[in-house]
Amino acid sequence: MNRGRRLRTNPLIRGMVRETRASRDSLIYPIFFEEGNNIKAHIDSLEGQYRYSPDRAKEAIDDCLSHGVNKVLLFGIPKEKDSVGSQAYAENGVVQQAIREIKKEYKDEIYVITDVCMCEYTSHGHCGILNGNQVNNDETLKYLSDIALSHVKAGADMVAPSDMMDGRIAAIREKLDGAGFINTPIMSYAIKYASSFYGPFRDAAGSAPSFGDRKAYQMDFGNMREAIKEANFDEEEGADILMVKPALAFLDVIRELSYNTNLPIATYSVSGEYAMIKNAGKQGLINEYGVMCETTTSMLRAGADILITYYAKEIADAILRGDIG
Ligand code: PBG
């Protein structure tokens, strides 16, 4: 008789035949930096997550390192917003300050990645420069590459454009190369769907569009071939890592991308995914820890190499315990 259960009799044999392995090396933790001083403010829509001012970066980073997480993705929330998102590429903008603080203290102990976008910095909340009610793609490219360069000049190790403008990877690559930063990689939010899962993030970052939506630049969630097309464009333009976002509702897209690229694949388990698990756990409807372990494993099983998640620290602990991987 075929007895599948022979390989499930105890934890040792189950560990031996496990197909999906996890490593703390592949975890990236997102951190929000708010302009100001001495701030550590709880984000109510993302329980357990905080907005820090740059001068308190050390607390956030020490906490990560204590769990063995040594990659972070930085977001900024400026005091002043305007129509062209000036604070996004200001030499002394909030993210630029945070990068300098972190690099001064930790040098290469921590790998700093920055989100490159305009929506947190524009008064209208769209991810680029407006022309009437439309985001002007080609005009926006200049701004995005200036943002990326200002982050790298401040000390960022990698940039991650999340705006979904066409041609932005080539524009950013050219700008970085021209300034001598030929070895700074670009992680492209290549396949980013127009998703309702970003709700809590927009609350946290104050980046909801003041009118309309992002459907003219972010992708239609029904599309798979278009996803691969987008990823291929970014690969041709020089992306070093491709991202699929959100994660859980798009595991099939991660898998399909894994057949269609040789680049590392990252996935971003976004704010709505975290909030759903957190809140259902809090209400006693599910076991939060168990669901975290299961969903994390599903992203890796689908083919992701790199995970960006608000649970990064808890996942790192679960990996050490052997509950994941
Ligand atoms: C900026 C950006 C967003 C997220 C990451 N970068 C928001 C958006 O596109 O509206 C979402 C992250 C999350 O939900 O956790 N463009």
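Every number here is computed from the coordinates shown, using simple stated rules; none is lab data. Remember, predicted model here, so these are calculated numbers, not experimental data. Quick reminder, even Gly has a Cβ in these numbers, built from the backbone with ideal geometry, and neighbours come from all protein chains shown.
Taking DSSP loops as anything outside H, G, I, E and B, show the longest stretch in the chain free of trypsin sites (Lys or Arg not before Pro) there with at most 15 other beta carbons within 10 Å.
Numbers: sites that count: R3, R18, R21, K79, K215.
Result, exposed sites excluded: 80-214.
With no solvent and one equal point scatterer placed on each C-alpha of the range 113-228, evaluate the Debye formula and give log10 I(q)/I(0) for q = 0.14 Å⁻¹, two decimals.
Each listed q maps to, in turn, -0.58.
How many percent of DSSP beta bridges within the chain run antiparallel, rounded to 5?
Values: 5 of 37 bridges.
Restricted to the chain, the bridges split so that about 15 percent are antiparallel.
I'd like the FRET efficiency for S86 and L285, computed as 1/(1 + (r/R0)^6) with the beta carbon distance as r and R0 of 45 Å, rounded to 0.05. Walk me through the numbers before you get to the answer.
Details: r = 45 Å, r/R0 = 0.99.
The calculated FRET efficiency here is 0.50.
Longest span of the chain, sites excluded, free of GluC sites (Glu not before Pro) in DSSP loop with at most 13 other C-beta atoms within 10 Å? Kindly include the intermediate steps, with their values, before the conclusion.
Working: sites that count: E19, E80, E91.
It works out to 92-325.
For n ≥ 4 DSSP H runs only, could you compute -39500 (n - 2.57) per run for the chain, divide by its residues and tell me the 222 nm figure to the nearest 500?
On the way: 11 runs with 126 residues, N = 325.
-12000 deg cm²/dmol, from helical runs alone.
Which of rounded, prolate, oblate describes the range 21-321, given a ≥ b ≥ c as roots of the alpha-carbon gyration tensor eigenvalues and a/c under 1.5 marking rounded, otherwise prolate only if a/b is larger than b/c? Provide the component values of the computation, followed by the final result.
Details: a/c = 1.31, a/b = 1.12, b/c = 1.17.
Judged from the Cα gyration tensor, the range 21-321 comes out rounded (a/c under 1.5).
Less than 28 Å apart at the alpha-carbon level, and either on another chain or at least 8 residues along: which lysines does that give for K79?
Within the straight-line limit of under 28 Å, K79 reaches these lysines: K40, K58, K71, K103, K104, K107, K142, K153, K175, K192, K215, K245.
Run the simple label-point estimate for K40 and S196 please: 7 Å along Cα→C-beta, distance reported in nm.
With each label point 7 Å from Cα toward Cβ, the separation is 3.6 nm.
Can you give me the Cα centroid spacing of the range 100-118 and the range 250-266 in angstrom?
27
Whole-Å semi-axes of the range 41-189's equivalent ellipsoid, largest first, each the root of 5 times a Cα gyration tensor eigenvalue?
On the way: eigenvalues 128, 73, 32 Å².
Each semi-axis is the square root of five times an eigenvalue, giving 25, 19, 13 Å.
In whole Hz, what ³J(HN,Hα) sequence does the range 121-136 give by Karplus (6.51, -1.76, 1.60; θ = phi - 60°), x for Gly and Pro?
10, 8, 5, 8, x, 8, 8, x, 7, 8, 10, x, 9, 10, 7, 7
Does anyone have the angle between helix 288-302 and the longest principal axis of the chain? Alpha-carbon axes, 0 to 90°, nearest 10?
On a 0 to 90 degree scale, this one is about 80.
Around Q49, which amide H atoms from residues at least 5 apart in sequence, or from another chain, sit under 5 Å from its own amide H, with H modelled in the peptide plane?
I43
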